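Novice: Below you'll find the structure I mean.
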Amino acid sequence: MHISPVLWQFLVKWLNASALFPREASTIAPYADELYFFLILITILGLLLVGALLLVFSVMYRKEKHPVATQIEGSTLLEATWTIIPLAIFLVCFVWGALLYFRIYNPPTNAMNIYVVGKQWMWKAEHPGGQHEINALHVPMGRPVQLTMISQDVFHSFSIPDFRVKREVIPGRYTTVWFEATAVGTYHIFCTQYCGTKHSAMIGEVTVLTPEDYQKWTQQSTSGMSLAQNGERLFASMGCNACHSGNAAARGPNLAGVYGSKLQLANGSQVLVNDAYLRDAILNPSQHVTAGYSPIMPTYQGQISEDGLIDLVEYVKNLQTNYRVQQTLTTSQSDQTAPITPEMVKP
Amino acid sequence: MSATSSTILNLPDQSTATLPKKNYINAEHGLLSWLFTGDHKRIAMLYLISITFFFFIGGAFAGLIRLELLTPQPDLVASDTYNKFFTMHGIIMIFLFLVPSVPATLGNFLIPIMLGAKDLAFPKINLLSWYLYMAGGTFTLAALVLGGVDTGWTFTTPLSTHYLNTHVITAATAIFIAGFSSIFTGLNFIVTIHRMRAPGMTWFRMPLFVWSNYAASLLMVLGTPVLAIAIVLVALERTFGIGVFDPTKGGDPLLFQHLFWFYSHPAVYIMILPGMGVISEVISTFSRKRVFGYTAVAFSSVAIALFGFFVWEHHMFIMGVSNYSALVFSLLTMLVAVPSAIKIFNWAFTLQQGSITFETPMLYAFGFLGLFTIGGLTGVFLGSLGMDIHLTETYFIVAHFHFVMVGGMLMAFLSGIHFWWPKMTGRMYPESLSKLAAVVTFIGFNLTFLPQFILGYLGMPRRYHAYPPEFQVLNVLSTAGATVLGVGYLLPMLYLAWSLKYGAIAGNNPWQATGLEWQIQSPPLTENFIEVPIVDHEAYDYEWLAHKTQHEVTTVG
Ligand code: HEM
Ligand SMILES: [Cu+2]
């Protein structure tokens, strides 16, 4: 459906100013609103049609005017009409909604990644550069941002109404959502899945900054250690480096460059190594034995928090050479920075 | 009766009329005769009383919820208490009111009579299912009195299994038991409809009310066991930590969602289908016409029931299910909307060429048509994948399901209660008061729930105890509407109770309707029919009725 752009702009301006409509603050929002107007239109037309039929028949065929009813069995033609037309309209809604769904849930490849951990009752955001925030999220305007989210306890659901995005945050698995903010300002983050006592207090605020302000913000609020550096420390302290030493004789597979590759498992299957796979391989190693290795890795279930897992995953993700592994082998308290690989996200 | 009168009410001469000397109500005396009855009509009355009782408890919680939401601050009660309120409201309304409402009261009373049978196939099981219902209700009240539950009626794991210290198992037991009540009712209906029809009562001569209850019974029998399993798993996980839903033990938290919605989606059809049956009867009677496209309406009930099993995942579109499965379930959801649309038009076209009067049941039926249309069309918003992302888990959902369940089902229930009240009790209710109640309910309903659609699009999450201040105006409107709606619900309670003693004597067939139930005395005899009726006409055959009435007049005179 194409509304004239001028009319559309006017409509959106007017609605944005009214209290009946949320602000449009992401690239998705206009698409969502377009579908919303279409659905409202259908609803109103449908309601008018049903209302008109009821009204007209009630007036024309009320007992005073029409004392004796004429019996009619039915009409195949009419039945077919009101089966096919609604079906066609619903199918349009289906296709339109599906296109929007894929737009909302398929992140662009150049999106920057931020981790979000939901817990009773707060949102904890972790930027790759080591900035942590609680019930707050700072993002740059005009850049696609992907959130990789997980819950530490129960189901939560991450919702930013002004961006028209929402996604369930689930214990035990990563879910993602992405958006590109289009207007500087602050917007509500709600938890929309009932999660116990303080569910309605699990509210946060997303602050959209201009790219320059965002740059400043990241510099001011860094904890001094990126997630990957934290992950490196954990890698050493939890003894991962004992086996994953990166050299040919190691008892565990080399982790450098493994992220994003297709891995051959001992059971014959092939998997794509992504965040979810890495997390799972740390928690349930016996189910993910790499071909050529024996199932000797212990499980880390219950020994590491979701935050820690994120750090480890981020470390492995950024591991392009064996240099860092060598470092962690020799010093378990490494604060030196590695040579920067081009792909590495640097705040 | 003059042709200019807008009523078809056909009451006997009030100066001489009395209730029939012998009927099911006075057949036996004493409380025990009710508590041990095998008569489907008495069991229906037991249900009616108990369901009304629970409806008003559920309604009181609705009032408390709305009162808390009058202001953005968490000022009336603490958040735990608020969470218990909406949980109780939900559990009671769904499991103790909506699911049994029409089938257990009107269905129980009418299905055997409509088929020309003396009783349901298994009268004792019928009584047992009332006791199970009451046991379920008692456990629910126990959970409430002992300190409440705060899982929400959806019992989401792992919240319900690991993180709450309230009376989850008591409430789960309540639902488990009440579920068996529903399974038994469904079984009883199915067997009765298959085996107990009077000679001549073919499948396609059955009233549509019977068809829709048949479809709902299929759902009760096939769906409810899955709920029972899900609930048992929750209890086991809580007590023994077996871990089926626990990711740290290799379980899957989404599994519970699948199991729960595999029942609970069909459950919305268990709730609405019998209501649709009521609407068919009422609209036909008050426009004096056979329902337009009888066969299509009958089959669409069964279609809704069958398709209803294949759309559960639309409650999980944002839960990280695969994009492609979401696609399939969205498509199926759109398909299941079609039979409902068909029915709306069938009902509207039943009016065409009719001879319409606007009695109270008809007003409620019109209310149903309007509200159910809105409820249904807003369901398309939610079936439409991308839109669902923004709307789900917000007040849009709350508004949508209240339009369908409360605007649809409750309107249908009230329509049916008014329609069959003269048959069940032998007396009429005060007419202008009942029409007033219908109008007040309609206005109050819209005022309560229309603002919630807007709140939902603005993003106000459901199950929130406190909310950002910009949402207040719409919430105040909604609470004001709830007050009006509350009055609309209280009125029928009062005048129906009044009518039991003072209402005009109704006679056998005050609406001049065609169903078999209207051809016997009101209130009926315990055995319904003195001799087994032989059915020689189609359903809704008003010409047959006119002929028969004339015949009776001439033979009597
Ligand atoms: C005066 C009438 C009513 C009002 C004002 C009302 C109000 C509400 C509100 C505000 C909620 C949302 C609670 C929340 O999500 O925070 C709610 C939930 C609900 N209502 Fe009602 N309601 C009314 C009648 C009914 C009736 C008659 C039924 C069923 C027959 C019903 C069934 C439900 C259910 C199943 C829920 C979901 C509970 C949950 O979220 O766990 N309501 N109601
Ligand atoms: Cu939460």
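Every number in this text was worked out from the coordinates using simple rules, so none of it is lab data. Every value quoted in this text rests on a predicted model; they were computed, and no experiment measured them. When we count neighbours, we look across all protein chains shown, and the Cβ atoms used for this are built from the backbone with ideal geometry, even at glycine.
Novice: Given the rule -39500 (n - 2.57) for each run of at least 4 DSSP H residues, summed and divided by the residues of chain A, what is its mean residue ellipticity at 222 nm, to the nearest 500 deg cm²/dmol?
Specialist: My calculation for chain A gives -12000 deg cm²/dmol from helical runs alone.
Novice: If you wrap a convex hull around the Cα atoms of the stretch B:264-353, how much volume per residue is inside, in Å³? Don't skip to the end; give the middle numbers.
Specialist: On the way: hull volume 7.3 nm³, N = 90.
Each residue corresponds to 81 Å³ of Cα convex hull volume.
Novice: I would also like to ask the following. Can you give the net charge of the other residues whose Cβ lies under 15 Å from the Cβ of A:Leu11, counting K and R as +1 and D and E as -1?
Specialist: That sum, taken over residues with Cβ under 15 Å, equals -1.
Novice: Turning to a different aspect of this structure: I need the Kirkwood Rh of the stretch A:230-326: take the reciprocal of the average 1/r across all distinct C-alpha pairs and report it in angstrom.
Specialist: One over the average 1/r among Cα pairs gives 13.4 Å for the stretch A:230-326.
Novice: In square nanometres, what is one fourth of the surface area of the convex hull spanned by the alpha carbons of the stretch A:116-228?
Specialist: Average projection, Cα convex hull of the stretch A:116-228: 6.6 nm².
Novice: Another one. Largest first and to the nearest Å, give the Cα extent of the stretch B:346-500 along each principal axis.
Specialist: For the stretch B:346-500, the Cα extents along the three principal axes come out at 51, 34, 21 Å.
Novice: 5 Å is the cut-off here: which amide hydrogens, built 1.01 Å from N in the peptide plane, fall below it relative to A:Val165, excluding neighbours closer than 5 in sequence?
Specialist: A:Ile160
Novice: Less than 11 Å Cβ to Cβ from B:Gly243, Lys/Arg counted +1 and Asp/Glu -1: what total charge do the surrounding residues give?
Specialist: Its environment carries a net charge of -2.
Novice: Relative to the first principal axis of the alpha-carbon coordinates of chain B, what is the inclination of helix B:123-145, with its axis defined by its Cα atoms, in degrees from 0 to 90 and to the nearest 10?
Specialist: Roughly 40 degrees between the two axes.
Novice: Hey, fewest Cβ within 10 Å first, where do B:His537, B:His315, B:His551 land in order?
Specialist: Values: B:His537 14, B:His315 21, B:His551 10.
Taking fewest neighbouring Cβ atoms as first place, the list is B:His551, B:His537, B:His315.
Novice: Report the relative contact order of chain A, percent, no decimals, based on alpha-carbon pairs under 8 angstrom and at least 6 residues apart.
Specialist: About 15 percent, as a whole number.
Novice: Is the stretch A:209-276 rounded, prolate or oblate when judged by the Cα gyration tensor, a ≥ b ≥ c being the square roots of its eigenvalues, rounded requiring a/c under 1.5 and prolate requiring a/b larger than b/c?
Specialist: Since a/c reaches 1.5 but b/c is at least a/b, the shape of the stretch A:209-276 is classed as oblate.
Novice: Quick one: work out the % antiparallel among DSSP beta bridges in the protein assembly as shown, nearest 5.
Specialist: On the way: 34 of 48 bridges.
Of the beta bridges lying entirely in the protein assembly as shown, close to 70 percent run antiparallel.
Novice: More than 18 Å apart: what percent of Cα pairs in the stretch A:89-168 qualify?
Specialist: Within the stretch A:89-168, distances greater than 18 Å cover 50 percent of Cα pairs.
Novice: Please sort by residue number the trypsin sites (Lys or Arg not before Pro) in the stretch A:28-66 whose DSSP state is loop and whose Cβ has at most 13 other Cβ atoms within 10 Å.
Specialist: Hits after loop and neighbour filter: A:Lys65.
Novice: Which whole DSSP H helices in chain A pass both tests: a Cα extent of 24 Å or more along the axis and a mean Kyte-Doolittle value no lower than 0.5?
Specialist: A:29-60, A:76-105
Novice: Which ³J(HN,Hα) values in Hz, rounded to whole numbers, follow from the phi angles of the stretch A:128-143 under the Karplus curve 6.51 cos²θ - 1.76 cosθ + 1.60, where θ = phi - 60° and Gly and Pro get x?
Specialist: x, x, x, 6, 10, 9, 10, 6, 8, 8, 9, 9, x, 6, x, 9
Novice: Provide the net charge surrounding B:Phe286, with neighbours chosen by a C-beta distance below 12 Å and charges set as Lys +1, Arg +1, Asp -1, Glu -1.
Specialist: Result for the neighbourhood of B:Phe286: +2.
Novice: Would you order A:Met238, B:Met493, B:Met276, B:Met319 from fewest to most other beta-carbon atoms within 10 Å of each residue's own beta-carbon? Walk me through the intermediate numbers first.
Specialist: Values: A:Met238 16, B:Met493 13, B:Met276 31, B:Met319 22.
So the residues, fewest neighbours to most, are B:Met493, A:Met238, B:Met319, B:Met276.
Novice: Hey, another quick one. Taking the Cβ-Cβ separation of A:Asn106 and A:Leu263 as r and a Förster radius of 22 Å, what is the calculated FRET efficiency to the nearest 0.05?
Specialist: Efficiency for this residue pair is about 0.40.
Novice: Taking the Cα atoms of the stretch B:72-144 alone, what are Rg (to one decimal) and Dmax (as a whole number) in Å?
Specialist: 17.7, 58
Novice: How many Å³ per residue does the convex hull of the Cα positions in the stretch B:202-361 occupy?
Specialist: Cα-based convex hull of the stretch B:202-361, divided per residue, equals 128 Å³.
Novice: Let me ask you something else. Which pairs in the list B:Lys41/B:Lys343; B:Lys41/B:Lys124; B:Lys21/B:Lys118; B:Lys41/B:Lys289; B:Lys21/B:Lys41; A:Lys63/B:Lys343 are over 21 Å apart, alpha-carbon to alpha-carbon?
Specialist: The answer is B:Lys41/B:Lys343; B:Lys41/B:Lys289; A:Lys63/B:Lys343.
Novice: Roughly speaking, what % of Cα-Cα pairs in the stretch B:291-340 are separated by over 12 Å, rounded to a whole number? Before the final figure, lay out the partial values.
Specialist: On the way: 772 of 1225 pairs.
Roughly 63 percent, rounded to a whole number.
Novice: Can you work out D for the stretch B:26-80 in µm² s⁻¹ from Stokes-Einstein, where Rh is the Kirkwood radius over C-alpha pairs, the temperature is 25 °C and the viscosity is 0.890 mPa s?
Specialist: 172 µm²/s
Novice: For a distance above 30 Å, tell me the whole-number percent of Cα pairs in chain A that qualify. Don't skip to the end; give the middle numbers.
Specialist: Values: 31010 of 60031 pairs.
That tail contains 52 percent of the Cα-Cα pairs.
Novice: Please state the shape class of the stretch A:258-304: rounded when a/c is under 1.5, otherwise prolate if a/b exceeds b/c and oblate if not, all from the C-alpha gyration tensor. Please report the intermediate quantities before stating the final value.
Specialist: Numbers: a/c = 2.53, a/b = 1.26, b/c = 2.01.
Oblate is the answer for the stretch A:258-304, as a/c is 1.5 or above yet b/c matches or exceeds a/b.
Novice: Something else now. Taking chain A as a Gaussian network, Cα atoms linked when under 10 Å apart, which of A:Ala291, A:Ala32, A:Ala228 shows the biggest mean-square fluctuation?
Specialist: The residue with the greatest mean-square fluctuation here is A:Ala291.
Novice: Oh, and also: So how many Å³ per residue does the convex hull of the Cα atoms of chain B work out to?
Specialist: Normalising the Cα hull of chain B by residue number yields 148 Å³.
Novice: With a 10 Å Cβ neighbour count serving as the proxy for reagent exposure, in which order, fewest first, do A:Lys317, B:Lys435 appear?
Specialist: In order of increasing Cβ crowding within 10 Å: B:Lys435, A:Lys317.
Novice: So what J values fall out for the stretch B:334-348 if you push phi through Karplus, 6.51 cos²θ - 1.76 cosθ + 1.60 with θ = phi - 60°, rounded to Hz, Gly and Pro as x?
Specialist: With coefficients 6.51, -1.76 and 1.60, one gets 5, 5, 6, 6, 4, x, 5, 4, 3, 5, 4, 5, 4, 5, 4 Hz.
Novice: Something else: At each listed q (0.21 Å⁻¹), what is the log10 of I(q)/I(0) that the Debye formula gives for the stretch B:168-265 modelled as equal alpha-carbon point scatterers?
Specialist: Values returned for q = 0.21 Å⁻¹ are -1.00.
Novice: Let me make sure I get this right: for the stretch B:1-116, a, b and c are the square roots of the gyration tensor eigenvalues over alpha carbons, sorted descending. Under 1.5 in a/c it's rounded, otherwise prolate if a/b > b/c, else oblate. Which is it?
Specialist: Numbers: a/c = 2.95, a/b = 1.79, b/c = 1.64.
Taking the square roots of the gyration eigenvalues as a ≥ b ≥ c, the stretch B:1-116 is prolate.
Novice: Given Cα pairs under 8 Å that are at least 6 residues apart, what percent is the relative contact order of chain B? Please report the intermediate quantities before stating the final value.
Specialist: Numbers: 910 pairs, mean separation 111.5, N = 557.
Reported relative contact order: 20 percent.
Novice: Would you mind checking which residues have amide H under 5 Å from A:Ile203's amide H? H placed 1.01 Å from N; only 5 or more apart, or other chain.
Specialist: Correct list: empty.
Novice: Between A:Ala52 and A:Val92, what is the FRET efficiency for a Förster distance of 22 Å, r being their Cβ-Cβ separation, to the nearest 0.05?
Specialist: Taking R0 as 22 Å, the efficiency between A:Ala52 and A:Val92 is 0.50.
Novice: To continue, here is another question. Sorted from largest down, what three extents in whole angstroms do the Cα atoms of the protein assembly as shown have along their principal axes?
Specialist: Principal extents (largest minus smallest coordinate, Cα): 113, 62, 52 Å.
Novice: So if we plug the beta-carbon distance of A:Ile134 and B:Ala135 into 1/(1 + (r/R0)^6) with R0 = 45 Å, what FRET efficiency do we get, rounded to 0.05?
Specialist: 0.45
Novice: Next up: Within the stretch B:189-220, what residues put their amide N at less than 19 Å from the label point 7 Å along the Cα-to-Cβ vector of B:Asp541?
Specialist: Under cut-off, by backbone N: B:197-211.
Novice: Kirkwood hydrodynamic radius, the stretch B:408-555, all distinct C-alpha pairs: what's the number in Å?
Specialist: The Cα-based Kirkwood calculation yields 18.7 Å.
Novice: On full extension of the chain, what length is gained from A:Asn274 through A:Glu73, given 0.36 nm per residue of separation minus the C-alpha to C-alpha distance?
Specialist: On the way: separation 201, 0.36 × 201 = 72.36 nm, distance 6.18 nm.
In short, 66.2 nm is gained.
Novice: Only Cα pairs within less than 10 Å get springs; with that Gaussian network setup on chain A, which residue of A:Thr207, A:Thr43, A:Thr186 has the largest fluctuation?
Specialist: A:Thr43
Novice: How large is the Kirkwood hydrodynamic radius of the stretch A:1-86, in angstrom, based on all distinct alpha carbon pairs?
Specialist: 16.9 Å
Novice: Once all Cα-Cα distances of the stretch B:52-178 are split into 10 Å bins that start at 0, what whole-number percent is in each one?
Specialist: 12, 37, 28, 14, 6, 1
Novice: Then there is this: Counting helices only, and only those DSSP H runs with n ≥ 4, report the 222 nm mean residue ellipticity of chain B as the sum of -39,500 (n - 2.57) divided by its residues, in deg cm²/dmol to the nearest 500.
Specialist: -21500 deg cm²/dmol
Novice: Would you please give the residues with an amide H less than 5 Å from that of A:Leu209, counting only those at least 5 places away or on a separate chain, with H modeled from the backbone geometry?
Specialist: Sorted by chain and number, the residues that satisfy this are A:Val139, A:Met141.
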